[in-house]
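Engineer: The following block contains the structure, expressed as structure tokens.
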Amino acid sequence: MKAKATKLEEKDGRESERPIVPMKQGNRPEGTLWREGGAIVMEPLEGKMQGTSRPESVSTRLQRIAKLSREAPGMVWTTLAHHIDFELLKEAYRLTRKDGAVGVDGQTAKEYGENLEENLQDLLNRFRSGVYKAPPVRRTYVPKGDGKRTRPIGIPTFEDKVLQRAVALVLNAVYEQDFLDCSYGFRPGRSAHQALEVLWKDTMRLGGGHVLELDIKKCFDVLDHGHLRSFLDKRVRDGVIRKAIDKWLKAGVLEDGVISRPETGTPQGGVISPILMNIYLHEVLDEWFDQEVKPRLLKEAYLKRYADDAVIIFFSKADADRVMEVLPKRFDRFGLTLHPEKTRLIKFTRPGSGNNRGGRSDSFDFLGFTHYWAKSRNGNWAVKRKTAKDRFSRALKRIGKWCRSHRHWPVPDQHRMLSLKLRGHAQYYYIRGNSSAIGRFYHEARRIWRKWLNRRSQRSRMTWERFTRLRKMYPFLTPRLASS
């Protein structure tokens, strides 16, 4: 395929018509996958994408973008918006959740779908002509993990979600060719379980080391728009797409009838926000660590990042200290701040090893799991993982809150919903070595259920004997080990 099939531009602004020279694969994943919404997994570049409205049309277009982006890493896209047509918008509509809360216009997904073709065609015309106006997001508040505080979330309109999804599909096709293997969050075909598995393998192979836990304060809220635009300039300069992104960045937040327009951050609740955040941290952290930091280190070190949650494991304490010293300066340069209490460097060497004779290692948390050293069944030291205490208690509080507010439901209905909640918990937390925590969670959930069944009526008490009989009638299925 010739490069001029889709207009590209070199980084100095000159249009390129020359054949594209394949890039070195390095540590980038081979066979890029796409996934939107966390449920749809699309096949590698050379395969066919399944489940789309018109597989040949949408799939081929995205694969062409990915192929050219991978083969020409030094090229800049100046025309991409033409790939967003009616069929791609229709696919974006299919991938967008239909049960979410409504935005400032009050329109539901069902209402939007009643005249779907007309609405999508009108949206496409406004997007391509540049007259699309990004509506502000509606701000609401949800409880935080401790149940005492709340955090703000933004709710875009349904139509805005569809357009953001379409643009995100195209941007993913471009940037998946650039992103490094160390990042896992909000990326097609990648998951938190994969990040955990690779981290475990690297830690075991190194025999532990020194772990730097990174916590970026309000990362989505403080991304600098100027830096983000400069990062986008390196790959995407399509005027229509960049204009739409700028509109989303400036759309603002509606709260109590007043619109505020933050000068930093990505669109609250926006589908486009994860890819923009990944582009930002790819430049600020991933590439910097891979290309500038690692070559200067004395020993091995590995970065694992899931969205704005990251850990770096070092074999050498001297290397860890040096990086710990420069990281705050690096982040401050791009408007980011590391949380002073949650960002920490810990000793995580294997107990009894040459680097830790007679000593003990701390534990660290990553993606909801506490990582710690313990003896395996054969008596060897191994890195074990268990549900983090705050996640464990937070999940139980949600179970208790639900049981309390739904205790008057018929028992079969309560059992059905609780089964779904327990299954969802196990699907994420039931990994190898965490069966004990899963068993305790199921036990505590049953205890909470009995407690609120016992309070349904003062005349009919739910004794433990009676609850045991009920458990036999409505058992919870044995959880299955999650796969990475």
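The values are calculated or read from the model by the stated rules, or taken from the named source; none is laboratory data. Just so we're clear, the structure is a prediction, and the values are computed from it rather than from any experiment. Neighbour counts are summed over all protein chains in view; Cβ atoms, including those assigned to glycine, are modelled from backbone coordinates with ideal geometry. Note: accessible area is taken over every heavy atom of the protein model, side chains too, but ligands, DNA and RNA are not part of it. Shrake-Rupley method; radii C 1.70, N 1.55, O 1.52, S 1.80 Å.
Engineer: In Å and from the alpha-carbon atoms only, list the Rg and Dmax of the chain.
Structural biologist: In order Rg, Dmax, the Cα atoms of the chain give 24.9, 84 Å.
Engineer: Per 0.36 nm of contour for each residue apart, how much would the distance between T463 and S405 grow if the chain were fully extended, relative to their Cα-Cα spacing? Show your work: numbers first, answer last.
Structural biologist: Working: separation 58, 0.36 × 58 = 20.88 nm, distance 2.03 nm.
Roughly 18.8 nm would be gained on extension.
Engineer: To continue, here is another question. Would you please classify the overall shape of the range 310-438 from the alpha carbon gyration tensor, given that a ≥ b ≥ c denote the square roots of the eigenvalues, rounded means a/c under 1.5, and beyond that prolate means a/b larger than b/c while oblate covers the rest? Don't skip to the end; give the middle numbers.
Structural biologist: Working: a/c = 3.79, a/b = 1.64, b/c = 2.31.
Oblate, because a/c is 1.5 or more while a/b does not exceed b/c.
Engineer: Also, I was wondering about something else. Can you tell me how much longer the chain between Q121 and E255 gets when fully stretched, taken as 0.36 nm per residue apart minus their C-alpha distance, in nm with one decimal? Please list the in-between numbers first.
Structural biologist: On the way: separation 134, 0.36 × 134 = 48.24 nm, distance 3.05 nm.
Once the chain is fully extended between Q121 and E255, it gains 45.2 nm.
Engineer: Just the number: Rg to Rh for the range 91-222, Cα atoms, Kirkwood Rh, two decimals.
Structural biologist: Values: Rg = 19.6 Å, Rh = 18.4 Å.
Ratio of gyration radius to Kirkwood radius for the range 91-222: 1.07.
Engineer: Translational diffusion coefficient, Stokes-Einstein: compute it for the range 229-316 using the Kirkwood radius over C-alpha pairs as Rh, at 37 °C and 0.692 mPa s, and state it as an integer in µm² s⁻¹. The partial results should precede the final answer.
Structural biologist: Working: Rh = 15.5 Å.
Translational diffusion coefficient: 212 µm²/s.
Engineer: Then there is this: Rounded to whole Å, give me the distance from the Cα center of the range 197-216 to that of the range 411-436.
Structural biologist: Going from one Cα centre to the other spans 28 Å.
Engineer: Further, regarding this structure: Need one word for the range 151-205: rounded, prolate or oblate. Basis is the Cα gyration tensor (sqrt eigenvalues a ≥ b ≥ c); a/c below 1.5 gives rounded, then a/b vs b/c decides. Walk me through the numbers on the way to the answer.
Structural biologist: Working: a/c = 3.95, a/b = 1.84, b/c = 2.15.
Because a/c hits 1.5 or more and a/b fails to exceed b/c, the range 151-205 counts as oblate.
Engineer: Turning to a different aspect of this structure: When a/c is below 1.5 the answer is rounded, else prolate if a/b is larger than b/c, else oblate, so apply that to the range 54-105 with a ≥ b ≥ c taken from the square roots of the Cα gyration tensor eigenvalues. Spell out each step's value before the answer.
Structural biologist: Values: a/c = 2.72, a/b = 1.94, b/c = 1.40.
Taking the square roots of the gyration eigenvalues as a ≥ b ≥ c, the range 54-105 is prolate.
Engineer: Additional query: Which percent, to the nearest 5, of DSSP beta bridges fully inside the chain are antiparallel? Kindly include the intermediate steps, with their values, before the conclusion.
Structural biologist: Values: 47 of 51 bridges.
For the chain, the DSSP antiparallel bridge percentage is about 90.
Engineer: Please identify the trypsin sites (Lys or Arg not before Pro) of the range 368-416 that satisfy two criteria: DSSP loop assignment and at most 10 other Cβ atoms within 10 Å. Which are they?
Structural biologist: Numbers: sites: K375, R377, K384, R385, K386, K389, R391, R394, K397, R398, K401, R404, R407, R416; in loops: R377, R407.
Sparse-neighbourhood loop trypsin sites (Lys or Arg not before Pro): R377.
Engineer: May I ask for the equivalent-ellipsoid semi-axes of the range 227-377, computed as the square root of five times each C-alpha gyration tensor eigenvalue and listed largest first in whole Å? Don't skip to the end; give the middle numbers.
Structural biologist: Details: eigenvalues 287, 71, 35 Å².
Value: 38, 19, 13 Å, ordered largest first.
Engineer: Can I ask one more? Leaving out ligands and nucleic acids, note down the accessible area per residue over the chain with a 1.4 angstrom probe, in whole Å².
Structural biologist: Values: 24280 Å² over 484 residues.
It amounts to 50 Å² per residue over the chain.
Engineer: Moving on to the next point. Starting from the 7 Å offset along Cα-to-Cβ, what nm value, one decimal, do you get for the label separation of E197 and R149?
Structural biologist: Going by the 7 Å Cα→Cβ label model, 3.5 nm.
Engineer: Which entries in K98/K243; K67/K201; K217/K384; K98/K397; K133/K218; K201/K304 show an alpha-carbon gap greater than 23 Å?
Structural biologist: On the way: K98/K243 27 Å; K67/K201 31 Å; K217/K384 28 Å; K98/K397 27 Å; K133/K218 27 Å; K201/K304 12 Å.
Too far apart for the 23 Å limit: K98/K243; K67/K201; K217/K384; K98/K397; K133/K218.
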